[in-house]
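Peer 1: Below: one structure in structure tokens.
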Amino acid sequence: MLNRTADTLARATPAPVARRFRGLSDKGLAWLFISPTMVLLLAINIFPLFWAIWLSFTNFRANRPNEDIKGVGLQNYERILGDPDIWFAMQATAHFVFWTIVLQTLIGFTLAYLLDRKFRGHAFWTTIILVPMMLSPAVVGNFWRFLYEPQIGLFAYAVSFVSGIPTTEIEMLSNVSLAPWAIIIVDTWMWTPYVMLICLAGLRSIPDFIYEAAEVDRASPFRQFWSITLPMALPFIMLAVLFRGIENFKMFDMVNLLTGGGPGSTTEVASITLKREAFEKWRTGYSSAFAIILFVAVFGLANIYVKALNRVKQR
């Protein structure tokens with residue numbers, strides 16, 4: 001059937017077109033097939049980037065499209081770097097990224113190490129642990145907002161049962177000190193399974209004969225973990241840190257669902273500030289400059305980190 005269809009298409013192809021295709025090399029045919037995808041990616045990613053760069057040097061406002069666009073040079077960048085609110089948002093972002101990475105890496109690797117023991121029922125528990133990662137952020141955000149309710153939330157009742165603090169005083173989302181940790185807890189609960197999967201892949205890649213040789217040399221379990229397991233799984237751990245660091249740096253949906261940047265501006269991370277500048281204050285040129293600064297910061301840090309990861313992999 002397939003051969004018959006191919007023959008029909010070949011006969012229907014005009015002779016000049018057929019001669020051109022027959023003259024193409026394998027590399028030329030490959031470029032012919034991938035070129036539409038490349039054009040689409042350029043249209044979706046590259047053009048908006050250069051458009052944002054151009055806007056960052058102007059006073060353009062999206063809610064005033066008919067006004068004349070004037071170039072302001074580096075004025076937007078200077079105002080951003082001198083704005084204390086921007087630096088506060090960057091500090092809140094750094095706090096969120098640091099603690100989520102630390103907690104997700106420690107808990108994720110611990111879970112992966114335990115599941116790698118292949119105890120009875122390990123497949124069932126692996127599936128259960130992966131459930132949070134499969135949920136939509138909107139579902140997770142609303143679910144945890146209910147849990148954090150001081151009057152009826154299970155989280156408040158659990159903390160009250162352990163600590164004896166009245167549930168009415170456990171206001172995770174409206175307390176200035178607790179609100180950042182409330183978001184960190186939710187993100188850790190949701191994305192620790194992702195880190196666990198990457199670490200588990202690293203642990204499963206270690207050959208068994210290495211452990212057998214270590215047992216012959218009478219190496220203790222701690223020595224095996226410190227000298228074999230951890231070094232060989234380190235590239236996978238660093239890869240998980242890279243992925244989660246990039247994603248958490250641009251975190252928006254969970255913060256917006258849980259606190260909206262409040263109370264006050266305690267949890268206003270960089271993405272929330274960018275959204276307010278662009279779609280509430282309509283300072284499009286200013287927000288474009290801020291977006292470019294964030295892009296350069298993430299790209300630069302990721303590039304340095306990837307070089308360090310490559311060095312670890314080459315050991």
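Peer 1: Determine which member of the set ILE272, ILE293, ILE304 is surrounded by fewer than 13 Cβ atoms within 10 Å (Cβ to Cβ) and either of a type in the set (S, T, N, Q) or in the same structural domain as ALA112 (by TED's automatic domain parsing) (or both). Break it down stepwise before answering.
Peer 2: Values: ILE272 fails: surrounded by fewer than 13 Cβ atoms within 10 Å (Cβ to Cβ); ILE293 fails: surrounded by fewer than 13 Cβ atoms within 10 Å (Cβ to Cβ).
Just a single option satisfies the conditions, and that option is ILE304.
Peer 1: Report yes if some residue within the range 172-194 is more than 28 Å from the chain's Cα centre (by Cα) and not in a helix (DSSP H, G or I); otherwise report no.
Peer 2: no
Peer 1: Right, another one. Going through the range 284-315 one residue at a time, which ones are in contact with a Phe, Trp or Tyr (Cβ under 9 Å, 6 or more places away or on another chain) and farther than 23 Å from PHE96 by Cβ?
Peer 2: If the condition is that a residue be in contact with a Phe, Trp or Tyr (Cβ under 9 Å, 6 or more places away or on another chain) and farther than 23 Å from PHE96 by Cβ, then THR284, GLY285, SER288 are the ones that fit.
Peer 1: Restricting to the range 54-110, what's the tally of residues that are more than 28 Å from GLY262 (Cβ to Cβ), of a type in the set (A, V, I, L, M) and in a loop (DSSP other than H, G, I, E, B)?
Peer 2: 3
Peer 1: Only residues in the range 145-156 that are of a type in the set (Val, Ile, Thr) count as the first member; pair them with residues that are crowded, with 20+ Cβ neighbours inside 10 Å, Cβ under 8 angstrom, at least 6 apart or cross-chain, and list the lot.
Peer 2: Listed by first residue and then by second, the contacts come to nothing, as the list is empty.
Peer 1: Here is a follow-up. Just to be sure before I move on: is ILE128 of a type outside the set (S, T, N, Q), surrounded by 18 or more Cβ atoms within 10 Å (Cβ to Cβ) and assigned to a helix (DSSP H, G or I) in the structure I sent?
Peer 2: Spelling it out, it is not the case that ILE128 is of a type outside the set (S, T, N, Q), surrounded by 18 or more Cβ atoms within 10 Å (Cβ to Cβ) and assigned to a helix (DSSP H, G or I).
Peer 1: Do we have GLU247 as of a type outside the set (A, V, I, L, M), in a helix (DSSP H, G or I) and loosely packed, with under 14 Cβ neighbours inside 10 Å here?
Peer 2: Values: of a type outside the set (A, V, I, L, M): yes; in a helix (DSSP H, G or I): yes; loosely packed, with under 14 Cβ neighbours inside 10 Å: no.
No.
The values are calculated or read from the model by the stated rules, or taken from the named source; none is laboratory data. What you see is a predicted model, and the numbers here were worked out from it, not measured in a lab. For neighbour counting, all protein chains shown are included, and Cβ atoms are generated from backbone atoms with ideal geometry for every residue, glycine included.
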